[in-house]
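All remarks here apply to the structure that follows.
Please treat every number below as a calculation from the coordinates, not as lab data. Since the model is a prediction, treat every value here as computed from it, not as a measurement. All Cβ positions, glycine included, derive from the backbone under ideal geometry; neighbour counts span all protein chains shown.
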């Protein structure tokens with residue numbers, strides 16, 4: 001929130017300069033997952049040729065517990081499924 005307020009006060013969109021693209025996903029059938037998948041595919045053929053994503057549990061975590069890095073859609077989908085199964089209502093941040 002502080003980063004967002006700072007950049008907006010300076011006349012910048014914080015998502016353009018400081019906050020990475022983020023998706024809060026409940027399951028792989030969630031509409032938010034569909035938005036992520038669309039972005040993943042859009043980046044798949046980018047000039048940098050790197051489509052690396054950070055995936056972490058959405059609730060009740062700290063100290064980096066559960067954070068994973070993946071670069072394929074199948075890996076990410078598997079991680080999301082694991083987080084959902086581990087505690088029922090747990091969501092995933094990508």
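Axis angle, to the nearest 10 degrees, between helix 31-44 and the longest C-alpha principal axis of the chain: 70 degrees.
Grab the DSSP H runs of the chain that are 4 residues or longer, score each as -39,500 (n - 2.57), total them, divide by all residues and round the 222 nm result to the nearest 500 deg cm²/dmol. Kindly include the intermediate steps, with their values, before the conclusion.
Working: 4 runs with 40 residues, N = 94.
Calculated from helices alone, the mean residue ellipticity at 222 nm is -12500 deg cm²/dmol.
Tell me, what is the percent relative contact order of the chain, built from C-alpha pairs under 8 Å that lie six or more residues apart? Before the final figure, lay out the partial values.
Working: 105 pairs, mean separation 28.7, N = 94.
Contact order relative to length: 31 percent.
Among 19, 54, 79, the largest mean-square fluctuation in a Gaussian network model of the chain, built with springs joining Cα atoms closer than 10 Å, belongs to 19. Note on Kirkwood radius over Cα pairs in Å: of the candidates (1) 13.1; (2) 14.5; (3) 13.9, the value calculated from this structure sits at (2).
Nearest 0.05, what FRET efficiency do residue 3 and residue 42 give at R0 = 22 Å with Cβ-Cβ as r? Don't skip to the end; give the middle numbers.
Numbers: r = 25 Å, r/R0 = 1.13.
Once the sixth-power term is evaluated, E becomes 0.30.
Taking 7 Å steps out from each Cα toward its Cβ at residue 54 and residue 85 produces label points 2.6 nm apart.
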